[in-house]
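Read the structure below first, then the notes.
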Amino acid sequence: MEQNKNKTQKIIIEKYSSIANRDLPTGCCAGSGCCGSSVTVGITEAALRNGYSKEDLLSVPAEANMGLGCGNPLAIAAIREGEIVLDLGSGGGFDCFLAEKMAGKDGYVIGVDMTPEMVLLARENAEKMGYTNVEFRLGEIEHLSVADGSVDVIISNCVINLSQSKDQVFAEAYRVLKPGGRLSISDIVATAELPEEIKKDPDLLTGCIAGAEQADTIRDLLQRVGFKNIRLTPKDNSKEILKSWVPGSNVEDYVASFLIEAVKE
């Protein structure tokens, strides 16, 4: 089992390393030729579909917006000035830079990503913008290098579905949150039993589909580690998002984009 986890993790790292290096089309999608501005919708259109505004896109380095994600966790995070924000799977830093504007100069934003090339890209983007209160750390979201009870808000955009140990991700999230801290994430959730051909497709795994868990399972995992006030809400335009990832397929019959919220009391 551990060998399979390591193999899967290696595949995921290779995929997102290639995206960071611009060796693959950007965009959170399933197939190597199914997405990117040259094939389906452009990166800007993908971000707008996910729930970001044109103002959001203009306020961060263009290289940070890679078209990744299945929603906008910042829309539900309600980040306040002075808060400490943690982004699980921060990629090129897109959500971190938007969170910094909400947290202000007295706030602090930490991005964690297991792909070295993504962390390097995010750090370069932060340097371009002159941010002094945004930090990017190389690491796994199952084993966070973040102190206990130190974070006000955790955000994540279409990343936790990639983890082979989602229970450990939620346990770590609970550990690092302060009492009263919030979990505000966007992710892909299974709405029906996934066929074996989907589960075993490596493109659908790295494309944020094959690793999706059902809503009841996610709710149970969150409750087990102590989260309260759990809410899972499907996005109104979920089918539109998923159809743009894998044109001509029917993956939208099995998964959907959800906003997931929970609180550590």
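The values are calculated or read from the model by the stated rules, or taken from the named source; none is laboratory data. Note that the coordinates shown come from a computational prediction; the quantities given were computed from them, not determined experimentally. Backbone-built Cβ (ideal geometry, glycine too); neighbour counts: all protein chains shown.
For a quick check of your reading of the model, give me the residue pairs whose first member lies in the stretch 147-168 and is among the basic types (Lys, Arg), whose second is outside any loop (DSSP other than H, G, I, E, B), with beta-carbon atoms closer than 8 Å and at least 6 apart or on different chains.
166/160; 166/218; 166/221
Hey, among the residues in the stretch 95-111 that are in contact (Cβ under 8 Å) with a residue 40 or more places away in the chain and not acidic (Asp, Glu), which one's surrounded by the fewest Cβ atoms within 10 Å (Cβ to Cβ)?
101
Restricted to the stretch 53-83, and to residues that are buried (at least 22 other Cβ atoms within 10 Å of the Cβ) and more than 22 Å from residue 208 (Cβ to Cβ), which residue is nearest to the chain's Cα centre (by Cα)?
Result: 79.
Within the stretch 147-172, track down each residue that is over 19 Å from residue 50 (Cα atoms), in a strand (DSSP E or B) and aliphatic (A, V, I, L, M).
The answer is 151, 153.
Which one of 91, 67 is under 30 Å from residue 10 (Cα atoms), at pLDDT below 95 and in a loop (DSSP other than H, G, I, E, B)?
Testing whether each residue is under 30 Å from residue 10 (Cα atoms), at pLDDT below 95 and in a loop (DSSP other than H, G, I, E, B) leaves just 67.
Output the residue which, of all residues in the stretch 173-197 that are in contact with a helix residue (DSSP H, G or I) (Cβ under 9 Å, 6 or more places away or on another chain) and assigned to a helix (DSSP H, G or I), is surrounded by the most Cβ atoms within 10 Å (Cβ to Cβ).
The residue in question is 173.
Condition first: over 18 Å from residue 71 (Cα atoms), surrounded by fewer than 17 Cβ atoms within 10 Å (Cβ to Cβ) and in contact (Cβ under 8 Å) with a residue 40 or more places away in the chain. Now tell me which residues in the stretch 202-248 satisfy that.
Once the filter is applied, which keeps residues that are over 18 Å from residue 71 (Cα atoms), surrounded by fewer than 17 Cβ atoms within 10 Å (Cβ to Cβ) and in contact (Cβ under 8 Å) with a residue 40 or more places away in the chain, the stretch 202-248 yields 202, 224, 226, 247.
Would you check if there is a residue in the stretch 36-50 being outside any helix (DSSP H, G or I) and modelled with pLDDT of 95 or more?
No, that holds for no residue.
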